[in-house]
Amino acid sequence: MAVATSTTVDNQPARPVVRAPRRKRPSRFTPGLVGSYALVLVYAATLVLPLYWLFISAFKSQLDAVDAPFAPTFSSGFDNLTRVWDLLNLGDAMLNSLYITAASLAVTLVIAIPAAYALARSQGRIATVFERIYALGFLIPGFAALVPTLLLAIQLDLFHTREFMILYLPASAQPLAVILLTQFMRTVPQELEESATIDGAGRFRVLRSIYLPLTMPGIATISILNFISFWNDYLYTLVIVGANAKVRTVQVALPTLQGNQGITDYALVCAGTLISVLPVFVVYAVLNRRMESALVQGALKG
Amino acid sequence: MTAILDSPVVARPGGGKKRARTRDRGLIVFALPSVVWYVLFTIGPLVAMFVVAFMDWAGLAAPASFNGADNVTRLLDDERVLTALKNTAVHLAVSLPVIMVGAFMLGYFLNLKLPGHRILRVIMFVPALISLSAMGMLFVAVLGPTGLVNSALDQVGLGAHATAWLADPTWAMPSLILVTIWSGLGLTGILFAARLSAIDDEIYAAAELDGANHWQKMWRVAYPITRDYFGVLTMLQYLWTLFGSAGMVLLLTRGGPGEATSTLAWLVYRFGFRSPEVGYSQTIGLVLFVLGIVGLVIIRRVFRARY
């Protein structure tokens, strides 16, 4: 992405220092800037075009998909969608994905919220050690321990079950969830807790009635982030839950469309992919701003 | 439950160290489920990797036994590992600089808030939302023999150049690299935009008075200020590319054609599951892990703040 070394300078060296009210938008389009704009548009096009193609191909016949790749013909209506839904048993797959995602999310929150509270308010050495352990977690990419995790699943007699994912996914989400939430919890004024304690409230009570309501934005953030990463998880779910049609998730079901000879029916693949990305896009459409800020905050995820 | 044990009197800072300590101990119990859970399911397997790496273990169902450093000696003259090492190096050497430099400039660009920047931001988020398997299927379809790229070439009369991009020995690796860049550029760019927006306008204004153009403002003003952040994102992108290539390769090429796209991470997967030699797979995993740490240390050094 070598943006043209914009040689042209908005070069008005001896501009009299008249402090005109600063304009909010620099409207001076230098050639360098125009070139950059063009490059950004090219990249944007590579993001949008495949999605457009994916969308229209899902609604056309196999023949049209090859002969008229860019024309929205809608020649086969919803045929591809229903065909791929039945073929991959996507109804069950959606339920499996939903089950794993929702249960994992619940476990994640139930264990991360008290932990964040403890780390935010404890001044002891143990808390520092715990925080170090979590920080280490950022640097360990999940993939590194794929095989030993599988061995653990076998040991626990949970190989090829969805339940192991519900144990594993919350564990993998702890570092980010706890560290992000701890930052939110630290912003809660300590005086609130002190006065509640004096009134006789126990720690659980304090956590539930003071911290929980005040850190809702943080909880929303980690819920969104983990919804995306749990729903989208592929490699671990593939290896641990497996491709058995009864328990597999959407993400595992989808690639089975590709046989050893690659893809034969493009329209069908496009229909399947469309169905699989739809849930996240729907949530994005609803929560757009919130999701964007969540993704930016969660960037430190390894 | 533990809350009952604690005295309801709040320890004042400085006063009553002992009381503060018991208070802390009660509090830390709240963190235990999370920490134990985390150590059990993620740190534990990671430690196990160091043991399994020195085992002779044909398959998950087969018996395992230690074989000392045999796996390591085997690894040292395994052609496939050498090829994978080379492929990994190429994959990283091209995609990492392109993503980091490109994303930084993209972030600067988005931050100029030119007309259309809102919609561009939304578009840039797309790769962050799509799952690996959807991305894989999308690109298998886009790059396939009668996929989007070849159809487009056909439409503009360049049909002769059409090829099965992912099955072509010359094009498979470039395709993998392009997909990596495609998926990494957008979100990293937005992250840079978020960081760069924290820079005070006055600083840019001062540079402008000195006649600085965008290029200079980007690399002489914005970059030095955000250098540490640049380093952190480079580390994350490095790890993601190094380890994450396994899933992408599995979906796109399965290491082929021949060994053209076989990366180290892919070998870990391949020996783990496709042609099971579990012990050996983890020995390669160990190499990958060491490469990860060495890379992190180097990147940290390079981007250490220089004041």
Answer from B:Ser151, B:Ser133 - the residue that is in a helix (DSSP H, G or I), among the polar types (S, T, N, Q) and at pLDDT below 90: B:Ser151
Count of the stretch A:97-148 residues which are under 30 Å from A:Phe159 (Cβ atoms), among the aromatic types (Phe, Trp, Tyr) and facing chain B (nearest Cβ under 7 Å): 1
Residue match in the stretch B:164-171 (condition: in contact (Cβ under 8 Å) with a residue 60 or more places away in the chain and either buried (at least 23 other Cβ atoms within 10 Å of the Cβ) or part of a helix (DSSP H, G or I) (or both)): yes
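Does A:Val34 fit the bill of being more than 30 Å from A:Gly272 (Cβ to Cβ), modelled with pLDDT of 85 or more and over 32 Å from the mean Cα position of the chain (by Cα)?
Details: more than 30 Å from A:Gly272 (Cβ to Cβ): yes; modelled with pLDDT of 85 or more: yes; over 32 Å from the mean Cα position of the chain (by Cα): yes.
Here the answer is yes, as A:Val34 does meet what is asked.
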Residue satisfying condition, being buried (at least 24 other Cβ atoms within 10 Å of the Cβ), in contact (Cβ under 8 Å) with a residue 24 or more places away in the chain, assigned to a helix (DSSP H, G or I) and of a type outside the set (Gly, Ala, Ser), within set A:Val107, A:Val178: A:Val178
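Rundown of residues vs (1) of a type outside the set (D, E, K, R); (2) over 22 Å from A:Val250 (Cβ atoms); (3) free of Cβ contacts under 8 Å to residues at least 40 places away in the same chain; (4) not assigned by TED's automatic domain parsing to the domain that holds A:Asn244, yes/no style:
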site: A:Tyr37; (1), (2), (3), (4): yes, yes, yes, yes
site: A:Val42; (1), (2), (3), (4): yes, yes, yes, yes
site: A:Thr46; (1), (2), (3), (4): yes, yes, yes, yes
site: A:Leu49; (1), (2), (3), (4): yes, yes, yes, yes
site: A:Leu54; (1), (2), (3), (4): yes, no, no, yes
site: A:Gln62; (1), (2), (3), (4): yes, yes, no, yes
site: A:Asp67; (1), (2), (3), (4): no, yes, yes, yes
site: A:Asp92; (1), (2), (3), (4): no, no, no, no
Residue match in the stretch B:178-186 (condition: free of Cβ contacts under 8 Å to residues at least 40 places away in the same chain, touching a helix residue (DSSP H, G or I) at 6+ places or on another chain (Cβ under 9 Å) and surrounded by fewer than 23 Cβ atoms within 10 Å (Cβ to Cβ)): yes
Selection from the stretch A:102-148 of residues that are among the β-branched types (Val, Ile, Thr), within 21 Å of the chain's Cα centre (by Cα) and closer than 30 Å to B:Gly59 by Cα: A:Ile140
Long-range neighbours under 9 Å by Cβ, at least six apart or interchain, first residue assigned by TED's automatic domain parsing to the domain that holds A:Ile228 within the stretch A:280-292, second polar (S, T, N, Q): A:Val280/A:Asn232; A:Val280/B:Ser131; A:Arg290/A:Thr221
Unique residue being closer than 23 Å to A:Leu238 by Cβ and facing another protein chain (nearest Cβ under 7 Å) when the list is A:Leu169, A:Leu151, A:Leu176, A:Leu158: A:Leu151
Residues of the stretch A:42-81 satisfying the condition of being outside any helix (DSSP H, G or I), surrounded by fewer than 15 Cβ atoms within 10 Å (Cβ to Cβ) and of a type in the set (Gly, Ala, Ser): A:Ala71, A:Gly77
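Any residue at all in the stretch B:99-116 that's basic (Lys, Arg) and crowded, with 16+ Cβ neighbours inside 10 Å?
Among the residues of the stretch B:99-116, not one is basic (Lys, Arg) and crowded, with 16+ Cβ neighbours inside 10 Å, which makes the answer no.
For the condition on the phi > 0 side of the Ramachandran plot and not β-branched (Val, Ile, Thr), what is the one hit in A:Asp157, A:Asp199?
After ruling out the rest, the residue left standing is A:Asp157.
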Single residue of the stretch A:264-284 satisfying the filter (surrounded by fewer than 19 Cβ atoms within 10 Å (Cβ to Cβ) and more than 14 Å from the chain's Cα centre (by Cα)) that is modelled with the highest pLDDT: A:Asp265
In the stretch B:151-184, the residues that are over 29 Å from the mean Cα position of the chain (by Cα) and of a type in the set (D, E, K, R): B:Asp154
Selection status of B:Ala53, away from chain A (no Cβ under 12 Å), touching a residue at least 40 places away in the same chain (Cβ under 8 Å) and surrounded by 17 or more Cβ atoms within 10 Å (Cβ to Cβ): no
Single match in B:Leu251, B:Leu267 (criterion: buried (at least 23 other Cβ atoms within 10 Å of the Cβ), at the interface with chain A (Cβ under 8 Å from one of its Cβ atoms) and either under 17 Å from the mean Cα position of the chain (by Cα) or not charged (D, E, K, R) (or both)): B:Leu251
Every pair of residues 6+ apart whose Cβ atoms lie under 9 Å, when the first sits in the stretch B:196-224 and is within 14 Å of B:Met105 (Cα to Cα) while the second is among the charged types (D, E, K, R) and in a helix (DSSP H, G or I): B:Lys217/B:Glu208
Some residue of the stretch B:125-132 being more than 8 Å from chain A (Cβ to nearest Cβ), buried (at least 19 other Cβ atoms within 10 Å of the Cβ) and either β-branched (Val, Ile, Thr) or touching a residue at least 24 places away in the same chain (Cβ under 8 Å) (or both): no
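The values are calculated or read from the model by the stated rules, or taken from the named source; none is laboratory data. Every value quoted in this text rests on a predicted model; they were computed, and no experiment measured them. Cβ sites come from the backbone with ideal geometry, for glycine too, and all protein chains shown count toward neighbours.
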